[in-house]
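Asks: The structure is given below, and queries will be raised subsequently.
Where a number appears in this text, it was derived from the coordinates with a stated rule and is not lab data. Since we're looking at a predicted model, the values are computed, not measured.
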Amino acid sequence: MNDIPQLVPSHPSAALADFTNRVSGAVAELKARLEAHYRRALPDKTELVRAAIAEAEACAWHLSFFPHLFLPDLVEALVAKLALQPAFVTREAS
């Protein structure tokens, strides 16, 4: 009688697990794309970019159940600091 496929798991814990898996997968794919993008833009700062992406991901998970919506902007802000930060700082004589 019911020929409609079940799109949502029938048990709440299964639905939560499915949601978590989908969001985690989306975040992982997005992180890979962001890392590839910034690795090309800043080839000499690969490790710093990777650390910035990890920091941004942690922050995004604290902000929302949909971290992939915030991740690109957070990464951009952190990477902008890396790109503009001087290699050394000199003090002006007073």
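Asks: Work out from phi, with θ = phi - 60° and the Karplus expression 6.51 cos²θ - 1.76 cosθ + 1.60, the ³J(HN,Hα) of each residue of segment 36-46, listed in order in whole Hz, and give x for Gly and Pro.
Replies: Working through the residues one at a time gives 5, 4, 6, 5, 6, 6, 10, x, 8, 10, 4 Hz.
Asks: From the phi of every residue in segment 11-22, what ³J(HN,Hα) in whole Hz does the Karplus formula 6.51 cos²θ - 1.76 cosθ + 1.60 yield, where θ is phi - 60° and glycine or proline is x?
Replies: Result, ordered by residue: 9, x, 5, 5, 5, 5, 5, 5, 4, 4, 5, 5 Hz.
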